[in-house]
Every structure is written in C-alpha cells, then in structure tokens.
Amino acid sequence: MVIFKKNIEVYMDLNLEKVMMAKEILLVLKNHIGKCVVINVITEHKEVADFISHEVKSVVSNAVVKNDQEQVTLSKLLNSVRDEIEREDNLLLINVSHDLGWPSLEVCAIDLNIVKDLNDREAVYAGESVVINGKPFYDDEIL
C-alpha cells in the first residue's frame, strides 16, 4: 500500500504494523489480568482492527474491541461502554493508533467502584493513566 504525504511516497506494511500493535497491547494486558478490557483501535484499515480483535480475544475472551474513529479520547470511549460494563469492578481502557509511524497506546486503569458517581472525564482523570509509544515500524524513521 502506498500513501502520499507531502508529495513523498510512504510505504505502509500493514502486516508489520498490526502485529507490532497487537504485541504492545498484549504486553499491557499481561499487567492487568482480571480486568474488564475495552480497546478502541483508531485506524482506517479494518484488517488491522480485525487482527487486533482476534489477538486480544484469544487472551481475554470477553474484551470489547472497537474500531471507532470518533472515540479518540478515553472519556469518549468510557462513555460508549459505560452501560455495558456497569457490573464490572475494574476496567482497563486502551486507545491504540498507528498513524505516527509506531504503536501509540493511551491506557487507563479505573476502579469503577470509586468513580461510579463521576462523569466520564472525571473518571478517566481519577484512573491510573499512561501513554505508551512503541518501537517505530520502519527502521526508527518517523513518517
């Protein structure tokens, strides 16, 4: 696949990107066993989202994996699933993208018992958040 950015040809290897993104997500999941997992894969490439969904669900069968370009903040992602997860105690929210040339994960672990009366934005701020930037896809080059 070829993408043109500022008249420069940029070659994307979606197989490489989807595998590296899934690897970064699975590393995060190892540290959050037993939590309800909600992941939004921010990509225009459905095959990337499908691959990640398959990989994640092979480890966490009840994970919710979305591919929604509108859920670009963790508070919007939480809002989109709050009714579905109201019986859960611990939640792990992950927004993952690959537009910058590397896997970029925004991760938030939330104790839903503590934040149940807070709005979505406040609940995310009350959680433990971290941004993880994985290894660049293409020989340490930034696209």
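The values are calculated or read from the model by the stated rules, or taken from the named source; none is laboratory data. Here the structure is a predicted model, which is why all the values come from computation and not from measurement. In this analysis, Cβ positions are derived from the backbone assuming ideal geometry, glycine residues included, and neighbour counts consider all displayed protein chains.
Values computed for the structure shown
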| item | result |
| --- | --- |
| Selection status of LYS5, modelled with pLDDT under 90, farther than 29 Å from VAL115 by Cβ, loosely packed, with under 15 Cβ neighbours inside 10 Å and of a type in the set (D, E, K, R) | yes |
| Test: ILE142 is modelled with pLDDT of 90 or more, outside any helix (DSSP H, G or I), β-branched (Val, Ile, Thr) and surrounded by fewer than 20 Cβ atoms within 10 Å (Cβ to Cβ) | no |
| Residues within segment 23-82 that are on the phi < 0 side of the Ramachandran plot and assigned to a loop (DSSP other than H, G, I, E, B), tallied | 19 |
| Segment 32-64: number of residues that are closer than 21 Å to GLU128 by Cβ and acidic (Asp, Glu) | 0 |
| Qualifying residue in segment 99-116 (condition: crowded, with 18+ Cβ neighbours inside 10 Å, in contact with a Gly (Cβ under 9 Å, 6 or more places away or on another chain) and part of a loop (DSSP other than H, G, I, E, B)) | yes |
| Close pairs from segment 127-139: first over 26 Å from ASP111 (Cα atoms) and without any contact (Cβ under 8 Å) to a residue 24 or more places away in the chain, partner aliphatic (A, V, I, L, M) and surrounded by 10 or more Cβ atoms within 10 Å (Cβ to Cβ), Cβ under 6 Å, at least 6 apart | none |
| For ASN95: the one exception among (1) modelled with pLDDT under 95; (2) in a strand (DSSP E or B); (3) polar (S, T, N, Q) | (1) |
| Residue match in segment 76-83 (condition: at pLDDT below 90, more than 22 Å from VAL19 (Cβ to Cβ), surrounded by fewer than 17 Cβ atoms within 10 Å (Cβ to Cβ) and not hydrophobic (A, V, I, L, M, F, W, C)) | yes |
